[in-house]
Amino acid sequence: MTIADQKELTSAEYWNNEWRRLAPSRCYASLDWVHRNYLYRAFDRLLSGLLPVDPDRTFIEMGSGPARWMIYFHRRFGYRVVGCDYSEVSCDLARRNLAAAGIVGEVMQADFMTIEGQYDVVFSGGVVEHFDRPQDVLAAFARLVAPGGILITDVPNLGGLNGLYRRLLKPETFETHRLVTLADLRRIHAGLGLQEMLATPYGSFTLGRLPTDAFRRFPRFQRTVWRPFHLVASRGVNRACLLMQGAGVRLDHRLISPHLVVISRKPV
Ligand SMILES: C[S@@+](CC[C@H](N)C(=O)[O-])C[C@H]1O[C@@H](n2cnc3c(N)ncnc32)[C@H](O)[C@@H]1O
């Protein structure tokens, strides 16, 4: 099956335009970007509780974009990392970011529905919600998981409060995204014969899905009111969540948390 066989809501050209806005950077090289941000730190905690550190394990990121998660999985767990993305601009950016981080990793420019191989860990973040039929995409991803290997699927939570922000402030989000719920993800993974290890919303009430550019049609308001408000509110909430985490409190629910993740294992 290729992307032509089922409806994809974006295209390589769409992503080329998105990634052209990002310059190659060393900022992913250390994992400070994970530790400073409550959302990423929460994800790191969930993964660290389940994944082994093992430099012999292989890892592929489907829709690898700038390769920040390839860098993370290599640094955090030692995995030998491969990325796959059909956007030429993203592949170039990913190769440069890996080089800047001093990490040897392969980046293939390809439609991920068509590639072959077997990997110990197959990860996608922010990908399957861009398709009308996420189940077909996850079936293609699951094929690449080696027996005993792990499939990790992470999506933005476009339901609950975060969906409301988007519907009110940036309804065009739903032209390129479908609402994928935790129940959908769990059902799809189970239907593929995978054994669930973890399925949860995460990120507490951080404002990861509150659009930064909600008022771009009103440039003055956007610049003088919304942007400063967004910055202060996001930083304040991030700090409050980090403090909460320091006190051992984890507050997550599908109605408030900005991300959903399912981690499952392919039977041996
Ligand atoms: C939202 S971005 C996520 C990037 C990365 N996972 C991250 O979180 O930094 C989705 C990525 O999936 C890629 N993508 C979408 N459809 C694809 C396909 N059929 N084959 C390969 N890559 C695809 C896009 O080019 C884009 O880079």
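The values are calculated or read from the model by the stated rules, or taken from the named source; none is laboratory data. Remember, predicted model here, so these are calculated numbers, not experimental data. For neighbour counting, all protein chains shown are included, and Cβ atoms are generated from backbone atoms with ideal geometry for every residue, glycine included.
Do we have any residue at all in the stretch 202-225 that's modelled with pLDDT of 95 or more and under 21 Å from the mean Cα position of the chain (by Cα)?
Yes - at least one qualifying residue is present in the stretch 202-225.
Val53 fails exactly one of the following numbered conditions: (1) outside any loop (DSSP other than H, G, I, E, B); (2) out of contact with any strand residue (DSSP E or B) (no Cβ under 8 Å at 6 or more places or on another chain). What is the number of that condition?
The one condition Val53 does not meet is (1).
Can you tell me which residue among Phe77, Phe59 is touching a helix residue (DSSP H, G or I) at 6+ places or on another chain (Cβ under 9 Å), surrounded by 20 or more Cβ atoms within 10 Å (Cβ to Cβ) and either among the hydroxyl-bearing types (Ser, Thr, Tyr) or in contact (Cβ under 8 Å) with a residue 24 or more places away in the chain (or both)?
Unique residue meeting the criteria: Phe59.
For the stretch 187-224, which residues satisfy the criterion of being among the polar types (S, T, N, Q) and touching a residue at least 60 places away in the same chain (Cβ under 8 Å)?
Correct list: Gln195, Thr200, Ser204, Thr206.
Mind listing just one residue for me: the one in the stretch 13-42 that is within 11 Å of the ligand (Cβ to nearest atom) and buried (at least 17 other Cβ atoms within 10 Å of the Cβ) and, of those, farthest from Val145 (Cα to Cα)?
Once the filter is applied, the top-ranked residue is Trp19.
Would you confirm, using the coordinates I've provided, whether Ser64 is over 22 Å from Asn238 (Cα atoms) and surrounded by fewer than 17 Cβ atoms within 10 Å (Cβ to Cβ)?
Criteria not met by Ser64.
Scan the helices (runs of 4 or more DSSP H) fully inside the stretch 172-254 and keep the ones with 3 or more residues being aliphatic (A, V, I, L, M).
In the stretch 172-254, 182-191, 227-246 are the helices (runs of 4 or more DSSP H) which contain 3 or more residues that are aliphatic (A, V, I, L, M).
Here is a list: Ser264, Ser234. Which entry is in contact with a helix residue (DSSP H, G or I) (Cβ under 6 Å, 6 or more places away or on another chain) and of a type in the set (S, T, N, Q)?
Ser264
Taking the stretch 123-151, which residues are within 10 Å of the chain's Cα centre (by Cα) and not small (Gly, Ala, Ser)?
Phe123, Val127, Val128
Got a sec? Which of Gly236, Gly208, Gly248 is closer than 17 Å to Val155 by Cβ and of a type in the set (Gly, Ala, Ser)?
Criteria check complete, one pass: Gly208.
With the checklist (1) over 25 Å from Arg235 (Cβ atoms); (2) buried (at least 19 other Cβ atoms within 10 Å of the Cβ) in hand, flag the one item Arg133 doesn't pass.
Among (1) over 25 Å from Arg235 (Cβ atoms); (2) buried (at least 19 other Cβ atoms within 10 Å of the Cβ), the lone unmet condition for Arg133 is (2).
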